[in-house]
Amino acid sequence: MPLIRRLLESRFWALMLKEIRQILKNRQLIFLLTFPPTVQLLIFGLALSPDVDHLSLGVADYANSAKSREFISALVENEVFKVSSYQTNQVALGRQVRVGNLTAGLVIPPTFDRDLNEGRSAEVQVFVDGVDANTAGIASGYLNQIANQYTRRLNPQLTSPPVETQTRFLYNPGLTSSWFFVPGVIGLVLTLTGSLVSSVTMIREKDVGTLEQLLMTPAAGWEILLAKVAPLFILLMGDVLLASAMGRFVFQLPFRGNFLLFFVLSGLYVFVSIGIGILLATLSRTRQQVVLTSFFFNVPIIQLSGAIAPIESMPPFFKFLSWFDPLRHYVAISRSLILKGAAVDALIPNIAVLFGFAAILMLISISRFRSQLN
Amino acid sequence: MASSSPSTGNEMRTIHSKAVTIQVEGLYKHYGSVAAVCGIDFEVERGEIFGLIGPDGAGKTSTFQILAGVMEASAGQARILGRPPRDARLNLGYLTQGFSLYADLSILENLRYTAGLRKVPKADFRDRAADLLTLMGLEQFPNRLARQLSGGMKQKLALCCALIARPQVLLLDEPTTGVDPVSRREFWDLLAGIAIEGVTVVVATPYLDEAERCHRIGLIYEGKIQQTGTLTELRANLGLHRIEVRAENLPTAEAALQAALAPGETDLVDLQSFGDRLDILTADVDTATVQIRDILAQKQLSLQSLEANDPTLENVFVNHLRRQGADPSYRPFPYHRRQSRQLSRHQDLQQDASALPEPSVAISADRLRKVFGEFQAVKDVTLTVHYGEIYGLLGANGAGKTTTIKMLCGLLPITGGSMSLAGETQNLHRAEVRSRLGYMSQKFTLYDDLTIRHNLEFYCGVYGIPRSLHREKIEWVLETCGLAGRENTLTKRLPGGWKQRVAFGASVMHEPDILFLDEPTSGVDPLARRQFWRLIRDFARQGTAILVTTHYLEEAENCNRLAFMAAGEIVAQGSPTQIKASQSGQLIELVTSQTQTASQLLKQQLPSWRVSIFGDRLHLVLDRPEQDIGLVIQCLQKAQIEIRSQRLLPFTLEDAFIGTIQRAEVSP
Amino acid sequence: MNRILSQAQKELAQFSRDRLTVALALILPLGILLIYGYAIRLETKNIPLAVQDFDNSPLSRTYVERLFATNQFIPTPLAGTSPLSALDRGTAKATVVIPPTFSRDVAEGSSTVQVLVDGTDVNNARVIQNSIRGVTNFFIQSLPNISRPQGVIPRIRIWFNPGRQESLYIVPGIFGVVLWVFPSMLAAISVVREKEQGTAIQVYASDLSSTEWLLGKGIAYWLVAVAEALGVMLVSFLLFGIRLKTGPVPLLLGTGIYLAAAVSFGLFIGARTGNQNGAVQGTAIAGFLTSFLLSGFIYRLENIPFPLSLLSNLVPARYYIVLTRDAFVRGTGWPGVWYVPIVVGLIGFLLFKVASKILQRMQLLD
């Protein structure tokens, strides 16, 4: 009891109570904590999909025979392609690809049947729209494979090729794209929400002028900061739960690792994102500046993290930079724990880096806190 | 003396054509369930300066916005030049609070843009702009950006913008707030000139002293116009006179006279305490003088001086509101810490009887300097504030008051010089030091999004007031502010003046030894301001050292000692009476047949700051009145201007401030 | 007209003096261009691949050499005995397991190589699968005494971007994002700032109409946006080797209209919002999310599922990106993009109309 009495009498409790009351009154903050994360998770999770299927294919079939139709149906069999137009001549087909109506055009020569019947190889022409280089690459890979399979079907004497690859997709056997994006987007959402919410609460005090008053009270800088951070931390942990629940129930993520561990490490990252927000707030004078500077910081943090585009394919310099991106480490952790079910030891380097970030950001914030009025 | 002038006021108006340019009938404005304007009626004639005087939240700005055609009235009507305001917009000049200039545009660009908006022909623009800029004294730097201008220059530029389209009606919403007294004087002189040319001017101001310069005044309070009339009419309606009393041991004298205020006891009606004098209102000067002398004699207090004077506009305002029962209740502060400390101090004194009760120093600064980049914000400020003293820091916005106060309370590091606070010179951040300080900054220091009670609870907690005392302290603040029962209102719903009072309460709950108040009374209505000062005095009497800044020169009279700051320097220091007494020369009021012409003539003879127009009167500052007045009379007679009356006036602090600054500018 | 122009002139003067805004207008778009231009690469190269070769015969070694012959894969150690450990640690994206009987099986007819792929990154996984199959086919062809079966040989030609340079795809897409977000943000701030600082009252107090006011601002920020567009395109020309493939008319006209629509969007947000914070957040979040995610900037529009796909039809960036990709990559010209200026212009016009309707009274609201 005396301990509780002492807590209730303490400055820290007064500061904390004030923050909690402010948060409860602040509908905008509650909105910021719930609405954007939900929308971001949904849009990122649903709209970003690298799936390459149902590519529109145009056909100019000069052979127009049973064999050629068989080949076309082999192409559309596994739904990578869908035939969306038949053209009578190659020029018209070319125009369709040029205008962008078709992703690929297939021209089957009149000699198709004769070549095959006479034991020669039949060449078909395919032109692929290369504007989207990635899709074009994958599409031509598929085309080659399908042609190979068709060839094998034509030659029943070939039972199997001398070397066959048997591919097993680990962690995400169905190759569901949201499984890739959502764990990264959870990190992205925590970065955006955490830094925005904490910088806005910090800057508000400066903007309105109450910070001056607060600095004149006997409360120490760290007390003020801690009292501000603690309730935000709890609320952002609520965001972690919200995001995890959406991941589990909307996107059916497997959560193979230890959820408690995921939760704790997410807490560590929430600290980092709050630290980024406070740093932004101490760097800026007004709310408008905070929003702008956060734009300046958050875009690279997100882009270099691998949450959206893979890190391996970045140029070496950017790959190097990404090591200094806390989000990169959190995304690695969340993908490991959600999809792979990895043990802690595999994650130790990432955890260490996050600890480093949290410590450095908090130290800078505390040391800048008092001097920021100048 | 008060009866000599109402007739001149009426004559004044008959000189102009009787055309009514602004007509307001039964005007209402509601914001949701809040009524800002509740049935206003008034008329303003061509060429008249009509002052709309009232505290923050009284409905002034809403009225202006309706008159300017930028907001719809909820009910009633306003007609300008016989048309609805929206259709008269191009004939209006509207100067908003804060001037609404484009900070990133130069003087000329601002002017050109407004001219474009108001359809000023391109051919006319050049000449008009040149004329206006010369008139306002801005012609030397047409390309300077608006944000680089001082408050006074911004105000003049805004006036230029309002005048560029040659409007017939000028609406000025608090044009002088935050502007230094010198610029304010000049501004009013310009206004007088504009009105003479037939422009109708409606002006709002929170400064009651400068409102005396309007032709007619409307007192607005809680959305209603309470009274209208010329200054002399208003004074006559009040029917009271003001007596300034200076005596030894003012607190005792105040207590004695306060007791005599009870109805039926004496002829004294009202008492107001200032830093070094008491003001008493009475209907009958002669009887009251005798009564005051008697009362003081009974208490064996020696009287230093007793002076009868005109009541001020503030007296009119306050007494009018008092009759409406708007007086906030006064309740003594529940001291706890202080009592125990005083006891121990008392014991100390008894033990060491030989020690003189010399007040000890709370704040001292020696040649304090602050430099921001290349800008010297504060130059060599030296001052001392003792426990139990109210020390005022006066000056315009940007004079360095706030920077000084922030350095003294340890918020800003000092660039040079030395200072001590509560006996400490270093480590001012320590919790032990801070808990002895109270601070109320210029901006609102409460959390807008918390209720009043939550705000107060927070400050109780953060200053470590024992929980058992929270209730009592919070109730004191609520009752003093007249907010009992409304403690669960969100702070942002309070008008500015009320917030200030709660913020003051929040900053003193822990009974600080040293209290810093940065512009505590801006936007507070005169009644509440009086209560404010009463509380501040109470704290001082309990031994708290109080450092207060203000730009209301009239209320600086409440300080025991004060310093004028200009451009980062202290230009004068002393008690209000000392400062006024140190002014050389005399202030003379003239009533003439042609105020404006007379002013222009005299300004050719004398430095322009020595001549100013107050409504239908002229104020002259003459260093050698005996010789100079002859010259003035000669000069006016030559121009066939009749002098209707002439009398000596005591200097106000504003006169002293302007004199000090103007003389300082001439001498170096 | 005079008043509109003087409004525009004033906006430009104001803009040029506000250093923060100038920086925002010029540096941020370039920064984003650089980051996206360099850091978004969908096609994976240098994929860390681990090989567990139980056979360790000349044949299996040749196979492994083949795997690393292109820059698609880089070798990485197994990190343990299990083929899974490197994947679990994330040091390898795929492991190829060659059985001990590999060379014997090949000689006898058929052998199976197991490929374990980290399926986390779906796109990556598919690329890995395809390329290992490709390499394997190539390896088979090179084996002696293999009778090449007769069949269909597709001759694939990749049009417009034969080298499959990804910057050609990404960079014109960035134009769509950057040239939407920043012009609209600037325009929104300029409206809201006048409301916030009270200068709007001076405008209300004159008889300027809301259309004139917004048009004046719009023209000014449209000019700023044009400068941004030129800057962004010039930098892309220099750094990313972007070249025009058609006549410049569709690009110029389309960009002009797109920028006008972006500015109208900003004016609309500005007219609706009361404070700068809201304006910046509104344009940043609404503008950025939609033009980034619902425009086909990174992945194919067809992949967006049903309710969102409707929304994406309203996103002007989606149309504009078709136009920039045509101008810089495809080179078809009007036949492929004729509808773009019409749709974008229509959206912009509607946004402007709504904005001027909101401010129609030119009065303070209660």
Report, by residue number, each residue of segment B:110-120 that is surrounded by fewer than 19 Cβ atoms within 10 Å (Cβ to Cβ) and outside any loop (DSSP other than H, G, I, E, B). none
Quick check on residue B:664: is it outside any helix (DSSP H, G or I), under 25 Å from the mean Cα position of the chain (by Cα), touching a residue at least 60 places away in the same chain (Cβ under 8 Å) and farther than 25 Å from residue B:191 by Cα? no
Only one of B:397, B:427 that is in contact with a Gly (Cβ under 8 Å, 6 or more places away or on another chain), more than 9 Å from chain A (Cβ to nearest Cβ) and surrounded by fewer than 21 Cβ atoms within 10 Å (Cβ to Cβ): B:397
Entirely in segment A:10-100, the helices (runs of 4 or more DSSP H) that have 1 or more residues that are surrounded by 17 or more Cβ atoms within 10 Å (Cβ to Cβ) and more than 14 Å from chain B (Cβ to nearest Cβ): A:27-47, A:66-77, A:90-99
Within segment B:27-39, restricting attention to residues that are exposed (fewer than 13 other Cβ atoms within 10 Å of the Cβ) and in contact with an Asp or Glu (Cβ under 9 Å, 6 or more places away or on another chain), which residue is modelled with the highest pLDDT? B:31
Looking at residue A:165, is it within 27 Å of residue C:297 (Cα to Cα) and within 10 Å of chain C (Cβ to nearest Cβ)? no
What number of residues in segment B:91-109 are in a helix (DSSP H, G or I) and at the interface with another protein chain (Cβ under 9 Å from one of its Cβ atoms)? 1
Could you check residue B:660 against (1) surrounded by fewer than 19 Cβ atoms within 10 Å (Cβ to Cβ); (2) touching a Pro at 6+ places or on another chain (Cβ under 7 Å) and say which number it fails? (2)
If I filter segment C:19-37 for residues that are of a type in the set (D, E, K, R), more than 25 Å from residue C:241 (Cβ to Cβ) and modelled with pLDDT of 85 or more, do I get at least one hit? no
Here's a check for you: in segment B:121-167, which residue that is polar (S, T, N, Q), part of a helix (DSSP H, G or I) and loosely packed, with under 13 Cβ neighbours inside 10 Å is modelled with the lowest pLDDT? B:148
Residues A:270, A:290, A:264, A:299: which one is at the interface with chain C (Cβ under 10 Å from one of its Cβ atoms), of a type outside the set (Asp, Glu), farther than 16 Å from residue C:35 by Cβ and part of a helix (DSSP H, G or I)? A:290
If you go through segment B:400-450, how many residues are among the β-branched types (Val, Ile, Thr) and in contact with a Cys (Cβ under 6 Å, 6 or more places away or on another chain)? 0
Under 8 Å between Cβ atoms, at least 6 apart or on separate chains: pull out the pairs that start in segment C:9-32 with a residue that is at negative phi and hydroxyl-bearing (Ser, Thr, Tyr) and end on any residue that is part of a helix (DSSP H, G or I) and modelled with pLDDT of 85 or more. C:21/C:15; C:21/C:186; C:21/C:189
Scanning segment C:274-291 for residues that are facing another protein chain (nearest Cβ under 9 Å) and at pLDDT 80 or above, the one nearest to residue C:183 (Cα to Cα) turns out to be C:288
Identify all residues within segment B:533-573 that are at pLDDT below 85 and touching a Lys or Arg at 6+ places or on another chain (Cβ under 7 Å); write none if there are none. B:555
Tally up the residues in segment B:417-466 that are in contact (Cβ under 8 Å) with a residue 40 or more places away in the chain and either in a strand (DSSP E or B) or of a type in the set (Phe, Trp, Tyr) (or both), please. 14
If you scan segment B:453-484, which residues turn out to be β-branched (Val, Ile, Thr) and either facing chain A (nearest Cβ under 10 Å) or under 18 Å from residue A:217 (Cβ atoms) (or both)? B:462, B:465, B:474, B:477
Regarding segment A:244-259, can at least one residue be identified that is away from chain B (no Cβ under 14 Å), touching a Gly at 6+ places or on another chain (Cβ under 8 Å) and of a type in the set (Val, Ile, Thr)? yes
Kindly indicate whether any position in segment A:212-233 is under 30 Å from residue C:305 (Cα atoms), within 14 Å of another protein chain (Cβ to nearest Cβ), assigned to a loop (DSSP other than H, G, I, E, B) and touching a Ser or Thr at 6+ places or on another chain (Cβ under 6 Å). no
Please work out if residue B:487 is out of contact with any Phe, Trp or Tyr (no Cβ under 9 Å at 6 or more places or on another chain), more than 7 Å from every other protein chain (Cβ to nearest Cβ) and part of a helix (DSSP H, G or I). no
Answer residue from segment C:56-106, given it is in a loop (DSSP other than H, G, I, E, B) and at the interface with chain A (Cβ under 9 Å from one of its Cβ atoms) and is surrounded by the most Cβ atoms within 10 Å (Cβ to Cβ) among those: C:93
Filtering segment C:11-55 down to residues that are more than 9 Å from chain A (Cβ to nearest Cβ) and not in a helix (DSSP H, G or I) yields C:18, C:49, C:50, C:51, C:52, C:53, C:54, C:55
Regarding segment C:186-207, can at least one residue be identified that is at the interface with chain A (Cβ under 8 Å from one of its Cβ atoms), in contact with a Ser or Thr (Cβ under 8 Å, 6 or more places away or on another chain) and in contact (Cβ under 8 Å) with a residue 40 or more places away in the chain? yes
With the requirement that a residue be of a type outside the set (Val, Ile, Thr) and at pLDDT 85 or above, what does segment A:341-361 give you? A:347, A:349, A:350, A:352, A:354, A:355, A:356, A:357, A:358, A:359, A:361
Would you point out which residue out of B:640, B:596 is assigned to a loop (DSSP other than H, G, I, E, B) and out of contact with any Leu (no Cβ under 6 Å at 6 or more places or on another chain)? B:640
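The values are calculated or read from the model by the stated rules, or taken from the named source; none is laboratory data. What you see is a predicted model; the values in this text were computed from it and never measured. Glycine also receives a Cβ, built like all others from the backbone with ideal geometry; neighbour counts cover every protein chain displayed.
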